Structures are given as structure tokens and as C-alpha cells.
Ligand code: ADP
Ligand code: MG
């Protein structure tokens with residue numbers, strides 16, 4: 001616990017919550033016995049990610065331990081990888097255990113961000129035999145069978161349109177990226193509908209944001225059960 005606090009202080013990681021998993025020293029720490037970890041680590045490095053950023057150090061192990069997270073870190077601090085790596089690991093393990101259906105879902109407020117997330121995701125899963133998919137109008141028109149998807153990325157507007165035909169009960173990890181925007185007036189209803197459709201009894205929800213207005217934090221608290229709040233950098237909220 002002492003070592004964990006030294007690391008947190010060094011990286012300006014602030015945590016609030018019970019039994020918080022220690023931050024990572026490096027990506028190699030994630031390496032386990034399973035063969036696919038080696039490949040994932042190689043893909044991570046090949047994508048130019050050699051050392052984890054502070055938010056990645058703290059959030060990655062938390063999500064691997066199925067902890068719900070409210071992560072507030074500045075733009076450019078590497079929040080994408082902080083959730084992509086753990087959901088890829090989860091999806092792969094679940095796929096190896098023959099679990100069916102969408103295993104992780106990433107929600108983004110805009111199409112552009114969803115496309116960007118998908119690009120990073122596709123590079124990371126190269127050779128892992130996981131099916132990852134951006135739920136956009138093209139995929140809907142093409143009649144893509146999302147039940148064969150392991151990891152899906154979508155905007156609430158698009159997803160709420162296909163929600164009826166898409167079974168989200170298998171989703172174990174629900175990531176709300178740029179959560180402050182997902183909870184704004186125009187998107188809240190659709191976002192809420194998606195959250196409710198993710199009916200897995202052990203659903204893990206994680207919220208990522210650069211800023212977190214008090215109203216949104218309140219909402220977050222009503223969605224998350226026993227979350228860990230992770231703040232990186234100077235406290236501004
Ligand atoms: P955020 O979502 O917090 O604004 P991003 O996830 O978009 O940040 O990452 C910001 C930039 O930092 C991207 O260009 C990304 O490729 C890069 N990046 C993320 N993690 C790392 C890392 N561990 N090492 C080097 N670059 C990284
Ligand atoms: Mg981001």
C-alpha cells in the first residue's frame with residue numbers, strides 16, 4: 001500500500017474509494033500466463049505505447065479487477081488506452097471461454113470520436129481473433145450481425161436506434177467516454193436507454209471525462225456502485 005501511494009504521488013494520481021488496486025509500474029505487469037497477452041503487449045508497443053500514462057497506470061488494473069471507475073483526466077492524458085486494454089483482455093478471456101454476444105461496449109458522444117476509438121482498437125486487437133465493430137449507419141445498412149461482435153463502439157443516437165435488435169445483456173464492460181457530453185441534454189435519454197439495456201448482473205460501468213461538473217458527478221454516482229474515483233493532475237473539481 002505504501003509503494004502504491006509513492007507511485008500515485010509521483011504521477012499525481014488521486015484516488016477515492018475502497019480497496020483501490022495499486023497503479024501499474026509498466027505495461028509488462030499486465031502480462032499473464034495466457035499467450036494472447038504477449039501479442040496484445042506487442043501490438044500496444046507497435047502502436048507507440050511503451051510506457052503507461054498516469055491515468056492508464058491506475059485505471060487499467062482497476063478495470064481488470066472489475067471495479068467501477070469514474071476517471072477524470074485532462075484531454076490528451078491517454079484515457080482511450082486506459083479502458084481499451086482491459087476490455088480487450090476481458091473480451092478475449094470471455095471468448096476463450098466461449099461466451100457469446102457483445103462483451104464490451106464503448107459509448108462515445110460523437111461519430112468522429114467513435115471512429116477514432118475504433119481505429120485504435122483495431123490496431124490493438126490485430127491477430128487476437130476478436131471481432132470489433134463500429135456500430136454506425138453503414139454497419140446497420142449492411143445488416144451486420146452485432147451478436148457476433150466481441151467489442152462494439154457506438155454513439156448513443158445510433159445505438160438507441162438498433163437497441164431493440166441488439167442484445168446488450170451480455171455486455172460486461174460499459175465504457176462511457178466523454179461522459180460529461182453523454183449526459184448532456186441532447187444525449188441523456190439515449191445514453192440512459194443504452195445503460196438500462198446493459199442488464200448483465202455483474203455489469204462494470206466506467207466513466208471517462210476531462211471535466212466533471214457536479215451535476216454529472218451526481219448522475220454518475222446514481223449509476224455506479226461502489227466506484228473508485230481517479231483524478232489525474234491538479235485537482236480542479
Ligand atoms: P484522452 O482521451 O485522455 O484525451 P487519448 O486517449 O486520445 O487521450 O490520447 C492522447 C494521445 O496520447 C493520443 O495521440 C495517443 O496515441 C497518445 N497516447 C496515449 N497513451 C499513450 C502512451 N502510453 N504512450 C504514448 N502515447 C500515448
Ligand atoms: Mg478521449
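Points to keep in mind about this one:
- Residue order, fewest to most beta carbons within 10 Å, for 28, 185, 68: 185, 28, 68
- Where only alpha carbons of the stretch 129-196 are counted, the Rg and the Dmax (Å): 11.9, 38
- Bridge type composition, the chain - antiparallel percent by DSSP, nearest 5: 15
- Potential lengthening between residue 189 and residue 3 on full extension [0.36 nm per residue; Cα-Cα distance subtracted]: 62.7 nm
- Taking all Cα-Cα distances within the stretch 94-230, those exceeding 17 Å account for 58%.
- Computed lengthening from residue 96 to residue 19, 0.36 nm per intervening residue step minus Cα-Cα distance: 24.8 nm
- Going by neighbour counts of Cβ atoms within 10 Å, the residues 129, 200 line up, fewest first, as 129, 200.
- Radius, Kirkwood style, for the stretch 1-68 when every pair of distinct Cα atoms is counted (Å): 12.8
- Report summary: the helix-based calculation at 222 nm, which adds -39500 (n - 2.57) for every DSSP H run with n ≥ 4 and divides by the residues of the chain, gives -13000 deg cm²/dmol.
- Exposure proxy order (Cβ contacts within 10 Å, fewest to most) of 215, 209: 215, 209
- Euclidean distance of C-alpha centroids, the stretch 106-171 and the stretch 66-94, integer Å: 16
- The stretch between residue 226 and residue 10 holds 75.2 nm of extra length on full extension. This uses 0.36 nm per residue minus the Cα-Cα distance.
- Placing a pseudo-label 7 Å from each Cα along the Cα-to-Cβ vector at residue 51 and residue 211 gives an inter-label distance of 3.0 nm.
- Taking label positions 7 Å along the Cα-Cβ direction at both residue 28 and residue 218, the computed distance is 4.8 nm, reported to one decimal.
- Judged by the gyration tensor of its Cα atoms, with axes a ≥ b ≥ c, the stretch 48-158 is oblate; a/c meets the 1.5 cut and b/c is at least as large as a/b.
- For the chain, Kirkwood radius (reciprocal of mean inverse C-alpha pair distance, Å): 17.8
- Shape box of the stretch 53-103 [Cα atoms, principal axes, largest first, Å]: 37, 18, 14
Only the coordinates and a few stated rules stand behind these numbers; no lab work does. The shown structure was predicted, so the numbers you read here are calculated from the model rather than taken from an experiment. Using ideal geometry, Cβ is built from the backbone for each residue, glycine included, and neighbour counts are taken over all protein chains shown.
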